[in-house]
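Heads up: the structure comes next, in structure tokens.
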Amino acid sequence: MKVQAKARFIRISPRKTRLLVNLIRGMEIEEARAQLKVSQKLAAKPVLKCLNSAVANAQNNFNQDVSKYKVVEAFVDEGPTIARFRPRAHGRAAAIRKRVSHITIAVGDDVNEVAKAPEVAKEEKPAAKKVEKKTAKKAVKKSGEAGSGSAGKTKKVTTEEVAPEASEKETTTK
């Protein structure tokens, strides 16, 4: 059986709270409590309080033996965002978003009930093609053709046009 507890409107960012909630998901109750007690995160206190509340709900409301219970479900939803404004340069104002969390923790004894965090599937994108890019200006400078009239067009330059071999050069000896 799954028994849950909710802690709503906790003034800690959901992103920071999820770090701890993801840590205790699937753990046994005592192990999760020990993990939260030694954690130095600010969100550890409200998450521990919600966990203890879920265990108390199972004991008092449903008369369950919680000795073998695990955290079968744990997630954090985002609550309403409180907007504040901070003065900035030139008379402007920048918005400050104060985020709120809703923590939900469910405990139970069934091992098959443990829900893991959803995995996001990544699509594979094809690799970008390599394209030779040489502007006409570079090609004209390298080949020595000053007035060819291809100022805005792209021209592919070969190594023979750029650097003629030494055997083709005429050498004069006196």
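Throughout, read-outs are computed from the coordinates displayed, never taken from laboratory work. Predicted model only: the values in this text are computed from it and were never measured. Here Cβ is always computed from backbone atoms with ideal geometry, including for glycine, and neighbour counts include all displayed protein chains.
Values for this structure:
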| quantity | calculated |
| --- | --- |
| By average C-beta atoms within 10 angstrom, highest first, the peptides 34-45, 19-30, 99-110 | 99-110, 19-30, 34-45 |
| Where only C-alpha atoms are counted, convex hull volume of the range 51-95 per residue in Å³ | 119 Å³ |
| 5 angstrom amide H check on A74, placed H, neighbours 5+ away | A106 |
| Residues with amide H under 5 Å from that of Y69, placed H, sequence gap 5 or more | I29 |
| Estimated FRET transfer efficiency (E31, T81; beta-carbon r; R0 25 Å; 0.05) | 0.15 |
| Amide H contacts of G79 (H built 1.01 Å from N, under 5 Å, at least 5 apart or other chain) | V100, S101, H102 |
| Residue-wise HN-Hα coupling along the range 17-27, computed from phi with Karplus coefficients 6.51, -1.76, 1.60 (Hz; x: Gly, Pro) | 6, 4, 4, 6, 5, 5, 5, 8, 4, x, 7 |
| Values of log10 I(q)/I(0), in the order q = 0.17, 0.20, 0.24, 0.29 Å⁻¹, for the range 10-64 under a Debye, Cα-only, solvent-free model | -0.53, -0.71, -0.93, -1.18 |
| Segment A56-A94, extension gain: residue separation times 0.36 nm, minus the distance between their alpha carbons | 9.3 nm |
| Cα-derived Rg to Rh of the range 2-113, Kirkwood definition | 1.13 |
